[in-house]
Amino acid sequence: MPAFSPLKLRLGGSLQDKVVYGTGDGGRPCTPFVKNASEMHGFTQGCLPLHRWDELNAFFQKSGAKIVFGLNALNGRVHLPDGSMGGPWDHTNSASLIRYTASKGYKIHGWELGNELSGTGVGAKVGVEQYAADVIALKSLVDNIYRGSPSKPLVLAPGGFFDAGWFTELIVKTKPNLLNVITHHIYNLGPGVDTHLIDKILNPSYLDGMASTFSNLQGILKSAGASAVAWVGEAGGAYNSGRHLVTDSFVFSFWFLDQLGMSAKYDTKSYCRQSMIGGNYGLLNAATFQPNPDYYSALLWHRLMGTKVLAATFSGTNMIRAYAHCARDSTGITVLLINLSGNITNQVSVTAEGTHAQTVKKHTRKVRHAPGFVQAAGSMRGEYHLTPKDGSLQSQVMLLNGRALVTDANGNIPRLEPVKVDAAQPIAVAPYSIVFAHIPNFSAPVCG
């Protein structure tokens, strides 16, 4: 995890709205979850004992991660005739946990209210008017408990699926600054049992379908004049734990990196992948703790793509996905190219249009250098070509420039080194491959 520093970890999910905290305020025993098919999400209410919370915070401190913790938002509510959960949120137990956490000096980056209760909900739903009032109550709670503290945790909500009307009302009722982060979840590929997941991942039109969600959410935030920023709070692509040899294999990096590029394009500030470990969509293999391909994709994104996003388009086949950012901790830019085609190698040249937009074009006979592309004689660029072992999209081993990415005997991740290429030459994007290209001599004024 230190490789991703500063890393955010979110603790939450389906069962968070069934967790009580063993702070002693309820006068009841602290008992664990018990499986019960008749209960929501298949479990009874469970309790988080304080000694376990202490252990978790010791781990958080060692990891160096920024922690977002999901609170139980269903405490005190009652079932309404329309199927929703009504009545105000009883925050007594949550307040006790937050006070205990602050008193121990544990650093929490943010407190998030509830899991997937927005819109039609998953398992349960809460009307937006009541939910907005509860978010405001949480903000007041956090402000009071952390008054005088040098660092105050963020308040995040709703941690659910985007519903334009519901989200609009929440944003309007909490503007301009009663909500710090608006979070939404993404499982746009459908259930993990779907046998057509790979077809969806390789379909550019299907991938494009998420653009409207990112765009609409940004539009709502801007038109409302809210100070809140957008995060993807949870994204596993295919729900119900994904699918073995799809969401934990090479092919899923097409979806994952496209999501990172698209979300950044629409000013999403953080993207939380489901999960670090667990299910068939973990960045780490749950049995061996070996990194799955998406771990390395995420690490290269983290190291190469800066926070300033450039407008990037590709002229040619729609099977190439193209994104460009100012390079991270370096000069120039980094371009991400994803080839969804299994039989065409694209020769790609990078040109600049004007001083802002960067255009990625298919190479024909010669490289075109537009004004703004400072090309010094003999200059080089670094390329990171990602392909699957043995050419199998469902391989769980990723190759970087032809070398298998595996940890050593001590569990250390391998060095991620580029190949150096003459910057005057086009970028060769092989079939079913992904390329990060760091172009240090590309002059984009916004990159400084």
Subset of region 313-328 [surrounded by fewer than 20 Cβ atoms within 10 Å (Cβ to Cβ) and in contact with a Lys or Arg (Cβ under 8 Å, 6 or more places away or on another chain)]:
PHE314, SER315, GLY316, THR317, ARG328
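Would you say THR247 is under 22 Å from LEU336 (Cβ atoms), without any contact (Cβ under 8 Å) to a residue 60 or more places away in the chain and of a type outside the set (A, V, I, L, M, F, W, C)?
Values: under 22 Å from LEU336 (Cβ atoms): yes; without any contact (Cβ under 8 Å) to a residue 60 or more places away in the chain: yes; of a type outside the set (A, V, I, L, M, F, W, C): yes.
Yes: the conditions hold for THR247.
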Which members of region 208-223 meet the condition of being within 16 Å of the chain's Cα centre (by Cα) and of a type in the set (A, V, I, L, M, F, W, C)?
MET210, ALA211, PHE214, LEU217
Which condition number does LEU170 fail, the rest of (1) surrounded by 15 or more Cβ atoms within 10 Å (Cβ to Cβ); (2) in a loop (DSSP other than H, G, I, E, B) being met?
(2)
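In region 140-167, which residues are in a loop (DSSP other than H, G, I, E, B) and either over 18 Å from the mean Cα position of the chain (by Cα) or of a type in the set (Ser, Thr, Tyr) (or both)?
Going through region 140-167, the residues in a loop (DSSP other than H, G, I, E, B) turn out to be 146-153, 161-163.
Once the filter is applied, which keeps residues that are in a loop (DSSP other than H, G, I, E, B) and either over 18 Å from the mean Cα position of the chain (by Cα) or of a type in the set (Ser, Thr, Tyr) (or both), region 140-167 yields TYR146, ARG147, GLY148, SER149, PRO150, SER151, LYS152, PRO153, ASP163.
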Set GLY159, GLY110: member being closer than 20 Å to LYS18 by Cβ and touching a strand residue (DSSP E or B) at 6+ places or on another chain (Cβ under 6 Å):
GLY159
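Does TYR295 qualify as being of a type in the set (Ser, Thr, Tyr) and closer than 14 Å to ILE186 by Cβ? Give the derivation first.
Numbers: of a type in the set (Ser, Thr, Tyr): yes; closer than 14 Å to ILE186 by Cβ: no.
Taking the combined requirement at face value, the residue does not satisfy it.
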When you check SER249 against the structure, is it assigned to a helix (DSSP H, G or I), surrounded by 23 or more Cβ atoms within 10 Å (Cβ to Cβ) and more than 12 Å from the chain's Cα centre (by Cα), yes or no?
no
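Just to check your reading of the model, which residue among GLY165, GLY121, GLY86, GLY127 is surrounded by fewer than 22 Cβ atoms within 10 Å (Cβ to Cβ) and in contact with a Lys or Arg (Cβ under 8 Å, 6 or more places away or on another chain)? Don't jump to the end; show me each part of the working.
Numbers: GLY165 fails: in contact with a Lys or Arg (Cβ under 8 Å, 6 or more places away or on another chain); GLY121 fails: in contact with a Lys or Arg (Cβ under 8 Å, 6 or more places away or on another chain); GLY127 fails: in contact with a Lys or Arg (Cβ under 8 Å, 6 or more places away or on another chain).
The conditions single out GLY86.
Considering only residues that are over 19 Å from the mean Cα position of the chain (by Cα) and either in contact (Cβ under 8 Å) with a residue 12 or more places away in the chain or assigned to a strand (DSSP E or B) (or both), which ones fall in region 105-116? Before you say what the answer is, go through the steps one by one.
Kept after step one, since they are over 19 Å from the mean Cα position of the chain (by Cα), are these residues of region 105-116: 105-107.
Within region 105-116, TYR106, LYS107 meet the criteria.
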Before we move on, is TYR21 touching a residue at least 60 places away in the same chain (Cβ under 8 Å) and over 21 Å from the mean Cα position of the chain (by Cα)?
yes
For region 40-83: of the residues being of a type in the set (Asp, Glu) and either touching a Lys or Arg at 6+ places or on another chain (Cβ under 8 Å) or modelled with pLDDT of 95 or more (or both), which is surrounded by the fewest Cβ atoms within 10 Å (Cβ to Cβ)?
GLU55
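Each row is one residue, and each column tells you yes or no for (1) in contact (Cβ under 8 Å) with a residue 60 or more places away in the chain; (2) of a type in the set (Val, Ile, Thr); (3) in contact with a His (Cβ under 7 Å, 6 or more places away or on another chain); (4) assigned by TED's automatic domain parsing to the domain that holds VAL78.
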{"site": "ASN93", "(1), (2), (3), (4)": "yes, no, no, yes"}
{"site": "ALA102", "(1), (2), (3), (4)": "no, no, no, yes"}
{"site": "GLY121", "(1), (2), (3), (4)": "no, no, no, yes"}
{"site": "VAL155", "(1), (2), (3), (4)": "no, yes, no, yes"}
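The values are calculated or read from the model by the stated rules, or taken from the named source; none is laboratory data. Just so it is clear, the model here is predicted, and its values are computed rather than measured. Quick reminder, even Gly has a Cβ in these numbers, built from the backbone with ideal geometry, and neighbours come from all protein chains shown.
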